[in-house]
Amino acid sequence: MFKKRYEFPSAKFELEQAHSCFGSFPTTNPTLIHLTDVEIEMFSYGKENTNAEVSGPWMQRLMEQVQEKDLPGIEAQALLLKAKFRFKQGRASDAKKLVKKVLKASKTSGMTYLKSMAESLLPELIIS
C-alpha cells in the first residue's frame with residue numbers, strides 16, 4: 001500500500017517487519033523483491049554512486065538468495081531489478097544487456113510472464 005503511494009520509507013519499514021516475522025517462509029523471495037525495489041527507489045543517485053554494484057543490503061541479499069538456490073524465475077526478477085537500478089544510475093547499456101538476458105530466458109524457459117514484467121518495469125529498454 002505505501003509503495004503504491006510512493007511512501008518508500010514507510011513501505012521499507014513495513015516490508016522489513018514482514019521479512020523479520022516471516023523470513024523463512026515462502027514469502028521470503030517476494031518480500032526480498034519488494035524490499036529491493038523500494039531500496040532502488042530510495043537510493044541516492046549521484047556521481048559517487050554511479051558504479052555501485054547493488055542498491056544496498058536488500059539487493060545484496062536477493063542476489064545471494066538466487067545464487068544459493070536454483071530459482072530461475074526469482075533470478076530473472078532480480079536481474080530486472082538490477083537493470084532498473086543500472087538504468088537509474090545512467091548505465092543504460094548495462095541495463096539493456098540485463099533485460100535482453102531476461103527476455104531470452106523468458107522465451108527458452110517457458111516463463112513468458114517475464115516479458116510482461118520487463119515491459120512494465122522498464123518500457124524504455126524493451127527492444128523487440
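FYI, it's all coordinate maths here, none of it is from the lab. This is a predicted model, so every value here is computed, not measured. Quick reminder, even Gly has a Cβ in these numbers, built from the backbone with ideal geometry, and neighbours come from all protein chains shown.
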Task: Members of segment 93-113 found to be of a type in the set (A, V, I, L, M) and farther than 25 Å from Pro57 by Cβ, listed by number - done: Leu103, Ala105, Met111
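Each row is one residue, and each column tells you yes or no for (1) in contact (Cβ under 8 Å) with a residue 40 or more places away in the chain; (2) touching a Gly at 6+ places or on another chain (Cβ under 6 Å); (3) among the basic types (Lys, Arg); (4) closer than 19 Å to Phe8 by Cα.
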{"residue": "Thr50", "(1), (2), (3), (4)": "yes, no, no, no"}
{"residue": "Glu53", "(1), (2), (3), (4)": "no, no, no, no"}
{"residue": "Glu68", "(1), (2), (3), (4)": "no, no, no, no"}
{"residue": "Leu81", "(1), (2), (3), (4)": "yes, no, no, yes"}
{"residue": "Arg91", "(1), (2), (3), (4)": "yes, no, yes, no"}
{"residue": "Lys107", "(1), (2), (3), (4)": "no, no, yes, no"}
{"residue": "Ser120", "(1), (2), (3), (4)": "no, no, no, no"}
